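The structure appears right after this line, and notes come after that.
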Amino acid sequence: MNAREHSRCIASDLQTIWLQESDFKEWKLVVQEILRFLKAETAFMNIRPLRYSLVLDSHPDTLPHVAAAITKRHLKLRDAVLSSFHPNEVKYSELTIDTFRMLQCLEWEPSGLFYQSSGSKLSQNGATGTSRISYIQDIADPTLPANPRKAVLYRPSLTHFIAVLATICEELPSDGILLVYLSASGYCGSAQNESGCIHFGPRGDRGSNCIYPSDFVPFTRRPLLLVIDNDNSKAFKVIAEAEKGESVAMLLSPSCSPALSDCSHNSNGSLFTMFLTAPLQAFCMLLGLSGTDIDLDTFNKAEMLLSSSLNNWGLALATSDTLNPVWGQILGDPFIRRLLLRFIFCQAVLTLYAPVYNDNKFLPTCVPSLPTPVLPPSYSYQSVILNLASMFGATKRFIFSEDVLPESIQTNMNQLTL
């Protein structure tokens with residue numbers, strides 16, 4: 001059963017159980033956490049699975065290959081360390097909303113789940129007016145590759161975090177790469193935290209609950225992909241100057257997030273993480289759209305357009321003769337490829353978003369840099385954003401080049417069939 005359906009069933013059952021008075025407060029807190037967790041999932045987060053679906057995503061066997069002149073090495077995502085901590089963030093037990101989304105994004109969707117659409121509008125809980133999705137449970141498909149191993153750490157001490165990294169790096173296969181996802185607040189002192197400290201505990205205990213960019217240097221003897229969602233994430237660029245054997249790939253969040261009318265990190269999680277795990281939903285949230293504002297057919301057409309565009313961008317990356325080998329050696333991994341392409345989409349959207357237009361502190365960064373011809377705001381990226389914005393009646397929320405006008409874009413949106 002879908003994880004969210006499980007959670008709703010649990011919450012419903014717990015609300016109807018007669019509990020002993022001594023357990024009441026504890027169980028009440030559990031129910032409140034579950035309900036808050038479910039509410040944090042946007043009104044249309046359930047439209048497609050966060051996990052990698054062979055039905056909805058590109059089949060790994062069809063992914064374009066990077067030229068041998070770029071790299072002859074091909075790495076696979078074998079392990080991931082996921083950790084998130086923000087004051088008063090949405091969580092259930094020790095699983096935060098950001099970690100949950102990233103956790104799901106790095107797994108295969110069992111092929112025994114088939115989707116049958118019906119209805120025309122999205123309701124507040126992500127379902128359509130009638131039964132939107134019918135789940136047909138089946139035994140896990142044995143033909144699917146194994147999921148990457150994942151270690152989820154909640155508020156780890158530095159020593160615990162280092163011990164986990166050391167163990168995983170020791171066991172990492174020769175063809176493997178380790179992904180580390182950190183989402184937390186920077187240190188808020190009298191001056192900006194130039195050291196890039198990420199806090200995973202009380203502010204007063206600065207030493208044992210802080211992770212610095214330099215803490216990763218010993219582990220650069222093995223291939224690493226760092227996904228840092230932090231207001232001072234760019235401080236992690238210093239790792240690239242101190243590597244001990246392998247070049248580190250990094251996806252770094254913006255220093256600031258655009259102001260959203262109905263969204264805050266405490267109630268909905270990180271916008272950057274949402275772009276990496278549910279990009280079209282993040283796009284709609286940026287525009288202030290909820291499920292009740294969107295026609296399901298329109299959303300599905302937009303999803304198809306975005307999927308097609310991401311595939312085209314992936315092909316452009318794979319065939320670029322200036323692609324950095326650090327990205328070339330991991331672009332063939334379906335999970336990493338999807339994260340990187342969604343990162344580019346996030347960068348393109350925020351580059352053109354009118355309220356923060358041309359303001360670098362609102363833009364994410366990747367290290368090493370991607371080839372200039374395949375970076376926003378090129379014509380191809382602008383045309384995709386324009387088409388998506390047109391579908392949702394939001395073209396005025398973005399600033400496009402003069403040669404990218406609604407009347408000059410001959411899109412095949414009308415040819416998209418569901």
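One line per residue, one yes/no per condition, for (1) aliphatic (A, V, I, L, M); (2) touching a residue at least 24 places away in the same chain (Cβ under 8 Å); (3) outside any helix (DSSP H, G or I); (4) surrounded by fewer than 18 Cβ atoms within 10 Å (Cβ to Cβ):
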| residue | (1), (2), (3), (4) |
| --- | --- |
| CYS256 | no, yes, yes, yes |
| MET274 | yes, yes, no, no |
| PHE283 | no, yes, no, no |
| THR292 | no, yes, no, yes |
| ASN300 | no, yes, no, yes |
| LEU310 | yes, yes, no, no |
| ASP321 | no, yes, yes, yes |
| ARG342 | no, yes, no, no |
inquiry  = It is to be established whether one or more residues within the range 174-182 are modelled with pLDDT of 90 or more and more than 21 Å from the chain's Cα centre (by Cα).
reply    = yes
Looking only at the range 183-200, and only at residues there that are part of a loop (DSSP other than H, G, I, E, B) and within 23 Å of the chain's Cα centre (by Cα), the one that is modelled with the highest pLDDT = CYS197
ask   = Name the residues in the range 356-369 that are in contact with a Ser or Thr (Cβ under 9 Å, 6 or more places away or on another chain), closer than 19 Å to GLU243 by Cβ and part of a loop (DSSP other than H, G, I, E, B), would you?
value = PRO368
ask   = Counting only residues that are modelled with pLDDT under 70 and assigned to a helix (DSSP H, G or I), how many does the range 375-414 have?
value = 5
ask   = Among the helices (runs of 4 or more DSSP H) confined wholly to the range 1-113, which include 1 or more residues that are among the β-branched types (Val, Ile, Thr), crowded, with 19+ Cβ neighbours inside 10 Å and at pLDDT 90 or above?
value = 97-105
ask   = Restricted to the range 142-182, and to residues that are among the β-branched types (Val, Ile, Thr) and assigned to a strand (DSSP E or B), which residue is nearest to ARG78 (Cα to Cα)?
value = ILE177
ask   = What are the residues in the range 344-385 that are aliphatic (A, V, I, L, M), farther than 30 Å from ASP61 by Cβ and surrounded by fewer than 17 Cβ atoms within 10 Å (Cβ to Cβ), if any?
value = ALA354
key: Odd one out for ILE330, checked against (1) part of a helix (DSSP H, G or I); (2) of a type outside the set (Phe, Trp, Tyr); (3) under 18 Å from the mean Cα position of the chain (by Cα)   = (1)
query = Quick check, is ALA242 touching a helix residue (DSSP H, G or I) at 6+ places or on another chain (Cβ under 9 Å), more than 22 Å from LEU75 (Cβ to Cβ) and at pLDDT below 95?
reply = no
key: Any chance VAL227 is at pLDDT 95 or above, assigned to a strand (DSSP E or B) and out of contact with any Ser or Thr (no Cβ under 7 Å at 6 or more places or on another chain)   = yes
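The values are calculated or read from the model by the stated rules, or taken from the named source; none is laboratory data. All values derive from a computational prediction rather than experimental measurement. So basically every Cβ, Gly included, is an ideal-geometry build from the backbone, and we count neighbours across all protein chains shown.
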